[in-house]
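Notes for the one structure printed next.
The values are calculated or read from the model by the stated rules, or taken from the named source; none is laboratory data. The shown structure was predicted, so the numbers you read here are calculated from the model rather than taken from an experiment. Reconstructed Cβ throughout: ideal geometry from the backbone, glycine too, with neighbour counts over all protein chains shown. Areas reflect the complete protein model, heavy atoms only, side chains present, ligands, DNA and RNA absent. Shrake-Rupley method; radii C 1.70, N 1.55, O 1.52, S 1.80 Å.
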Amino acid sequence: MNYSEKVVTGLQSYSYGQALVQFDHALNERWKWTNTVGVGRYELIGQPYRSDDRFVQTALTRALSERWSLTAQVSYSYLSTSGQGYICCKILLGPNGYFLQPIPVTQSESRGSGSFALTVERRMERLVMNLAISRAIQPSGLGALLTQDDVSLKASIAWTYRLALAATLHGSRISNPLQPLAVNGQRYADVDLSANWLWTEHWTLQLQGTYLVQRVFSVGPTASSTSLYLNLLRQFGRIRL
């Protein structure tokens, strides 16, 4: 993720990579068990800062009936971070006399953090309702891996054979499990509206709009933004473009 240097956003460019191994096992007709082990690395581009995330995760999905399903997931992450700081100082002699030079030092911190997700889904003839509550470790342009608490309510309906509509309401709060960034208690909410139209047997048109409201700091101003996405998909046998 690279942010333009021409715009003062307060965000920092970063890279994040993740590798994981996942194992799914159907215990019976109603129970499904999923286990995941993985690692992630977060780095600020052009800065000596890095954060690693080693995690294990297990999830159980239960089909309560033909219309109700429940998914419970827990995970544990071991977070570690390292960056370069400075202490004062060395006294050096230069051409213009003595001066103070800061001494670079490597600063590091580590701790464990738990995450979870609970999802309840209700299927009706054409309508699907989904309620999810979760806590997860997420990369951020604020300069660190952050903990995000999220509550979402989603409704999707097959309006016709070709047209499907969906709406999602999100409420989130982020905090920093490691270094003391001033982001604790930061909140935002967004509403997503989307439409999926099966144009022909092989062509699909997708339209999505998002309205976001964010409180930059817990005692600061509120900002809002609007996004619009239009996707055109083509199915070639087993390949989708």
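Just to be sure I understand: if I project the alpha-carbon convex hull of the chain onto a plane and average over all orientations, what area do I get in nm²?
Details: hull surface 75.7 nm².
Mean orientational projected area (the chain, Cα hull): 18.9 nm².
If the viscosity is 0.692 mPa s and the temperature 37 °C, what translational diffusion coefficient in µm²/s does Stokes-Einstein give for the stretch 88-191 when Rh comes from Kirkwood over Cα pairs? Mind dumping the intermediate values first?
On the way: Rh = 18.1 Å.
Translational D for this selection: 182 µm²/s.
Using the beta-carbon distance between LEU228 and LEU205 and R0 = 22 Å, what value does 1/(1 + (r/R0)^6) give for FRET efficiency, to the nearest 0.05? Can you show the working numbers first?
Numbers: r = 14 Å, r/R0 = 0.63.
Given R0 = 22 Å and the Cβ-Cβ separation, E is 0.95.
Skip the ligands, DNA and RNA, and give the accessible area per residue of the stretch 36-94 with a 1.4 Å probe, whole Å².
Per residue, the stretch 36-94 has an accessible area of 59 Å².
In order along the stretch 125-131, phi translates into HN-Hα couplings of 4, 10, 9, 10, 10, 9, 10 Hz, rounded to whole numbers, per the Karplus curve 6.51 cos²θ - 1.76 cosθ + 1.60 with θ = phi - 60° and x for Gly and Pro. Please state the shape class of the stretch 7-122: rounded when a/c is under 1.5, otherwise prolate if a/b exceeds b/c and oblate if not, all from the C-alpha gyration tensor. Because a/c hits 1.5 or more and a/b exceeds b/c, the stretch 7-122 counts as prolate. I'd like the FRET efficiency for ALA63 and ARG240, computed as 1/(1 + (r/R0)^6) with the beta carbon distance as r and R0 of 35 Å, rounded to 0.05. That pair, ALA63 with ARG240, gives E of 0.80. Ligands, DNA and RNA aside, TRP31 has an accessible area near 90 Å² when probed at 1.4 Å.
Could you check how much of the accessible area of the stretch 1-115 is carbon and sulfur, as a whole percent, using a 1.4 Å probe?
Numbers: 4550 of 8210 Å².
Accessible surface attributable to carbon and sulfur in the stretch 1-115 totals 55 percent.
Counting only protein chain heavy atoms and rolling a 1.4 Å probe, the accessible areas of VAL37, VAL21, VAL105 rank, largest first, as VAL21, VAL37, VAL105.
Springs join every pair of Cα atoms under 10 Å in this Gaussian network model of the chain, and among GLN18, GLN73, GLN148 the largest mean-square fluctuation is at GLN18.
Scan the chain and hand back the longest stretch that contains none of the GluC sites (Glu not before Pro) lying in DSSP loops with at most 11 other Cβ atoms within 10 Å. Kindly include the intermediate steps, with their values, before the conclusion.
Details: sites that count: GLU5, GLU29, GLU66, GLU125, GLU201.
The longest uninterrupted stretch comes out as 126-200.
Legend: calculated FRET efficiency, ARG41 to GLN101, from the Cβ-Cβ distance at R0 = 51 Å, rounded to 0.05, equals 0.95. Rank PRO102, PRO48, PRO139 by mean-square fluctuation in a GNM of the chain with C-alpha springs under 10 angstrom and give only the top-ranked residue. Top of the fluctuation ranking is PRO102.
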